[in-house]
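The values are calculated or read from the model by the stated rules, or taken from the named source; none is laboratory data. Please read all numbers here as calculations on a predicted model, not as lab measurements. Don't worry about glycine lacking a Cβ; one is built from the backbone with ideal geometry, like all the others, and counts go over all protein chains shown. Calculation scope for accessible area: heavy atoms of the full protein, side chains included, ligands and nucleic acids excluded. Shrake-Rupley method; radii C 1.70, N 1.55, O 1.52, S 1.80 Å.
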Amino acid sequence: MAIALKRTPLYAEHVKLGGRIIDFGGWELPVQYEVIIKEHRMVRESAGLFDVSHMGEIIVRGHGAQDFVQYLVTNDVSQVVPKQTQYSPMCYPTGGCVDDLIVYKFSDDHFFIVVNASNTDKDFDWMTKHAPCGLKVENVSKQFAQLAIQGPKAQEILQKLTDFDLNTIRFFHFEAEVVVDGCLCIVSRTGYTGEDGFEVYANAQDAAQLWNAILAAGGAAVAPIGLGARDTLRFEAKLPLYGQEISQDITPLEAGLGYFVKLDKEVAFIGRDALRKQKLDGLKRCECEFEMLQRSIPRSHYQVVSTSGEEIGFVTTGMFAPTLEKNMGIALLPMEYKVPGTKIGIIIRDKVMPAEVKKGIFYSKKTRKD
């Protein structure tokens, strides 16, 4: 018996706009409205609006909430002040990742945690399994819609719909009670594109109103953006994707996310011993940036070989990067292959296509030519 696909509160809007709907991890979501590269460039050059209401939201509240979140995640939430957000992996005792998530701190006793859509139930079960008695852990995903407006003109457009001065929200900070087009919202200066922008959390019943208001306020300067461009944008900015750059079998240290792993924070976290041992013993593998040397496109999970033809790893993500106009990727390889200039081969349609390990080749706003 087929399992019914889930829909966000904006499903009807995507259909009206001609979005090409696909099954994305059990959700009916638009992969594109127009050509993916056109949508990608719209975000880089102006602004794009994303429906990310399929993401999961979990509230942790009560005395001891901060110590509990500290125990769950590898980063140090004690260094976060109220109205600040923090990115962190959440690990198994083995050091592999349960998920990566964004922690919103309201107070020491109140946290709002945003998790990946496909992991929502798993993450919630993991959190409740480890929660101490008396602490409230609640999956509130169905109550929220999440819209993301991203790009150089995102603030200008969103500001038209609120009297709140968006300039006062710094990067990775949020405001909890912002009225946007008459709707009470949480607004954070976060995103998954490598551009400036905002993520707006609202009551599910307000989603369509906000979606249409933002599109109307932006006019030609904003466009609805599908999952296809969301993936090219996050990849081009070298932002990790669960199941590819990190997973149950890939630790944050192997993924190059050591900055977000605080091995010496006051509260020991799940997986700390394994990650500490991995660091002390020395990593055996790591994720390396690479660029194709011929006109061929690498894809996730393609096999990687040495110049002698020995299998040495696999591509975590690879594709054409529209802004950089290069075919490039990230591969999980033995440590000795991380040296820039190292030649490798990617197996594409049973052929070995040459590539070269490089460093610093991914997109950032600093490298953009305005």
Using 7 Å Cα-to-Cβ label points, what is the ILE3/GLU356 separation (nm, one decimal)? 4.5 nm
Kindly report the accessible area of the chain per residue (heavy atoms of protein chains, probe 1.4 Å, no ligands, DNA or RNA), in Å². 46 Å²
Only bridges with both residues in the chain count here: give the DSSP antiparallel percent, nearest 5. 95 percent
Using the structure shown, select from LYS83/LYS359; LYS279/LYS358; LYS16/LYS136 the pairs with a Cα to Cα distance greater than 32 angstrom. LYS83/LYS359; LYS16/LYS136
Inter-part distance where the range 252-324 and the range 27-48 are each reduced to a Cα centre, Å: 27 Å
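In whole percent, what relative contact order does the range 4-145 give with Cα contacts below 8 Å and a gap of six or more residues?
That works out to 24 percent.
Relative contact order of the range 62-106: what whole-number percent is it, with Cα pairs under 8 angstrom and at least 6 residues apart? List each step's numbers first, then the result.
Numbers: 61 pairs, mean separation 14.2, N = 45.
The value is 32 percent.
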Could you give the dipole magnitude of the range 226-370 about its Cα centre, charging the beta-carbon of Lys and Arg +1 and that of Asp and Glu -1, in debye to the nearest 20? 420 debye
What spacing in nm lies between the two simple spin-label points modelled at ASP23 and THR94, each 7 Å away from Cα in the Cβ direction? 2.7 nm
Quick one: length gained pulling ARG61 to CYS133 fully straight, 0.36 nm per residue minus the C-alpha distance? 24.7 nm
How would the range 51-146 be classified by its alpha-carbon gyration tensor: rounded, prolate or oblate, with rounded meaning a/c under 1.5 and the a/b versus b/c comparison settling the rest? rounded
Which shape class applies to the chain: rounded if a/c is under 1.5, otherwise prolate when a/b exceeds b/c and oblate if not, where a ≥ b ≥ c are the square roots of the Cα gyration tensor eigenvalues? oblate
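Quick one: pull the percent of accessible area on the chain belonging to carbon and sulfur, 1.4 Å probe, ligands and nucleic acids left out. Don't jump to the answer; show the numbers that get you there.
Details: 8760 of 16920 Å².
Summing carbon and sulfur atoms, their accessible area is 52 percent of the total for the chain.
Relative to the Cα centre, what is the charge dipole magnitude of the chain, using +1 at the beta carbon of each Lys and Arg, -1 at the beta carbon of each Asp and Glu, and rounding to the nearest 20 debye? Don't jump to the answer; show the numbers that get you there.
Working: 42 positive and 47 negative charges, 173 e Å.
Using Cβ point charges on Lys, Arg, Asp and Glu, the chain gives about 840 debye.
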Calculated FRET value between GLU177 and VAL305, using beta carbons and R₀ = 45 Å, to 0.05: 0.25
Inter-probe distance in nm under a simple model that places probes 7 Å from Cα toward Cβ, at ASP264 and LYS284: 2.8 nm
How much accessible surface does SER306 have with a 1.4 Å probe, in Å² rounded to 10? 10 Å²
Built amide H within the under 5 Å cut-off of HIS173, gap 5+: THR85, ARG189
Counting pairs of alpha carbon atoms under 8 Å apart in space and at least six apart in sequence, what relative contact order in percent does the chain give? 17 percent
